[in-house]
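Chemist: My structure is below; once you've seen it, I'll send some questions.
Please treat every number below as a calculation from the coordinates, not as lab data. The structure presented is a predicted model; accordingly, all values stated were derived computationally and were not measured. Cβ coordinates were reconstructed from backbone atoms using ideal geometry, including for glycine residues, and neighbour counts include every protein chain displayed.
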Amino acid sequence: MSPQVFTGDTTYFPGIDRIAFEGPDSDNPLAFKVYDANKTIGDRTMAEHLRFAACYWHSFCGNGADPFGPGSRAYPWDAGTGTALHKAEARLDAAFEFFTKLGVPYWCFHDIDLSPDADDIGEYEQNLRHMVTLAKQRQQATGMQLLWGTANLFSHPRYMNGASTNPDFAVVARAAVQVKAALDATVELGGANYVFWGGREGYASLHNTQMKREQDHMARFLTAARDYGRSIGFTGNFLIEPKPMEPMKHQYDFDSATCVGFLRAHGLDQDFKLNIEANHATLSGHSFEHDLQVASDAGMLGSIDANRGNPQNGWDTDQFPSDLYDTVGAMLVVLRQGGLAPGGLNFDAKVRRESTDAEDLFAAHIGGMDAFARGLEVAHALLEASPLETWRRERYASFDAGDGLAFANGERGLQDLHAIALRSGEPRQRSGRQELYENLVNQYLRR
Ligand code: XLS
Ligand code: NI
Ligand code: NI
């Protein structure tokens, strides 16, 4: 499962070796304390449960720039006077060196973080084909696999009014160029999933927006993409990544519930699932585990973008996950649905602008992997060894037999219920026992 170390010619992360599992007593900052890829938890290894992926954009393209200042990190692969394509080649080597030293089995990319963008369609397609050829060689050399590919339909100014929801058909068609190329690339690289994050699919003002029309166009576009993907042999899941706002004031893929409804309304629910990002869930006013649960209940939890927001900030800070309550909550949902495959846990997260050492990138991923590994251990123990599932089952026991079961099966009408209530009298009070459940989680976190 874990990839082999890639031996490129240049070392972009000198002095950092393959990250090893050293256990909870290790003081080595560049070692796993919990994540032990081959350790068995229940019916599979940690690596098989967690299916970690590193992302290309934040880790190898994002240099720390924010609206108040330029980048704070000068990457060696961006140095020198080489062409954009030469720099993209160097970046690819750096990325695969990082992936393999970290021991993360999957990666994810957007078309234009892997390969230089160009307004000329032929040049754009040629660049991407070239980089995909190189990426495929790196994958073969290392055993790395592609969790998902996607197209960036939000950075170029042509998409300022949206991509598939743009009021100008010419832009919708231009967006298709990138989705077609990114689908071709994903298939070529054996990607398990294909993601749509509708960065600017939404509106800034309803005064100038025909919302229903834009959403109908989005459904037509997704349908066309699905049909094309299937025609070229893509058998994986298409994934929608909900996010309520940012960059737009309102985005159509608001949250899990909205996306589930949208996909069902447009007949896309057989091919599409959801990629739930923690910080997007919290932006929409939900908890991470809430949006995971809604997706899972609909049979549509396909994959996870693992990160976290800042509780005091109302925007997408994309921090690396470190909160064990979050990871336990997430892994409970994942384990209850029987796993995440063919999805995975993608670190769609960026180190802080102030974190400027190469070591910080490793530390961030190590911390995130350990946090989810611990979440996995605790969630598994809660499900297997604690009274959690029994308590939850008992809470609903009145629907397991008799009239309760008949009601759940649709066999009791309102008059039947009236008669039952007359017969039964005032219901006995039953405690929700929330504090006991919370104590149970803490008890298992301490073990
Ligand atoms: C941005 C999104 C983005 C998607 C892929 O907020 O999380 O990174 O995951 O386009
Ligand atoms: Ni994301
Ligand atoms: Ni995000």
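Chemist: Once R0 is set to 30 Å, what does the formula 1/(1 + (r/R0)^6) return for the Cβ-Cβ distance between LYS39 and PHE399, expressed as a FRET efficiency to the nearest 0.05?
Modeler: The value I calculate is 0.20.
Chemist: OK, next. Once the piece of chain linking GLN137 and ALA65 is laid out straight, how much longer is it, given 0.36 nm per residue of separation minus the C-alpha distance between them?
Modeler: 22.8 nm
Chemist: For the chain, take the longest principal axis of its alpha carbons; what is the angle in degrees between that and the long axis of helix 169-188, to the nearest 10 within 0 to 90?
Modeler: The helix 169-188 is inclined about 90 degrees to the chain.
Chemist: Which order do the peptides 366-379, 175-188, 72-85, 32-45 come out in when sorted by mean C-beta neighbours inside 10 angstrom, highest first?
Modeler: Top of the packing list down: 366-379, 175-188, 32-45, 72-85.
Chemist: Considering the options ALA118, GLY314, PRO14, tell which one lies farthest towards the positive end of the dipole of the chain, charges being +1 on Lys and Arg and -1 on Asp and Glu at the Cβ, about the Cα centre.
Modeler: It is GLY314, whose Cα lies furthest towards the positive end.
Chemist: To the nearest 0.05, what FRET efficiency results for ARG392 and SER287 with a Förster distance of 22 Å applied to their C-beta separation?
Modeler: 0.80
Chemist: If you don't mind, another one. Could you state, as a whole-number percent, how many of the C-alpha pairs of the range 104-231 are farther apart than 25 Å?
Modeler: 27
Chemist: Additional query: Could you give the nm distance between label points at ALA265 and ALA421, where each point is 7 Å from its Cα heading toward the beta carbon?
Modeler: Modelled inter-label distance: 3.3 nm.
Chemist: Something else about it: Using per-residue counts of other Cβ atoms within 10 Å, averaged over each peptide, order 13-26, 225-238, 157-170 from highest down.
Modeler: 157-170, 225-238, 13-26
Chemist: Based on Cβ point charges of +1 for Lys and Arg and -1 for Asp and Glu, what charge dipole magnitude is obtained for the range 289-365 about its Cα centre, in debye rounded to the nearest 20?
Modeler: Computed charge dipole of the range 289-365: roughly 140 debye.
Chemist: Evaluate the charge dipole of the range 16-138 about its Cα centre and quote only its size in Debye, nearest 20, assuming +1 on the Cβ of each Lys and Arg and -1 on the Cβ of each Asp and Glu.
Modeler: Its charge dipole is roughly 360 debye.
Chemist: Turning to a different aspect of this structure: Expected output is a single nm value to one decimal: the length gained when fully extending between ASP25 and LEU324, i.e. 0.36 nm times separation in residues minus the C-alpha distance. What is it?
Modeler: 105.8 nm
Chemist: Extent of the range 228-322 along each principal axis, from alpha carbon coordinates, in Å, largest to smallest?
Modeler: Projected onto its principal axes, the Cα set of the range 228-322 covers 45, 26, 25 Å.
Chemist: I would also like to ask the following. In whole Å and largest first, what semi-axes does the C-alpha gyration tensor of the chain yield when each eigenvalue is scaled by 5 and square-rooted?
Modeler: Output for the chain: semi-axes of 39, 30, 19 Å.
Chemist: On C-alpha positions alone, give me the angle between the axis of helix 434-446 and the longest principal axis of the chain, in degrees, nearest 10.
Modeler: The angle comes out at about 50 degrees.
Chemist: Extending each Cα 7 Å along its Cβ direction at ARG129 and ASN208, get the distance between those two points in nm, one decimal.
Modeler: The two pseudo-label positions are separated by 3.8 nm.
Chemist: If packing is taken as the mean number of other Cβ atoms within 10 Å per residue, what is the order of 54-60, 300-306, 402-408, highest first?
Modeler: Packing order, densest peptide first, comes out as 300-306, 54-60, 402-408.
Chemist: What is the gain in length, in nm to one decimal, between THR356 and LYS249 on full extension, counting 0.36 nm per residue of separation less the C-alpha to C-alpha distance?
Modeler: Fully extending the segment from THR356 to LYS249 adds 35.4 nm.
Chemist: On a 0 to 90° scale, report how tilted helix 84-102 is relative to the longest principal axis of the chain, with both axes built from alpha carbons and the result rounded to the nearest 10.
Modeler: Once rounded, the angle reads 50 degrees.
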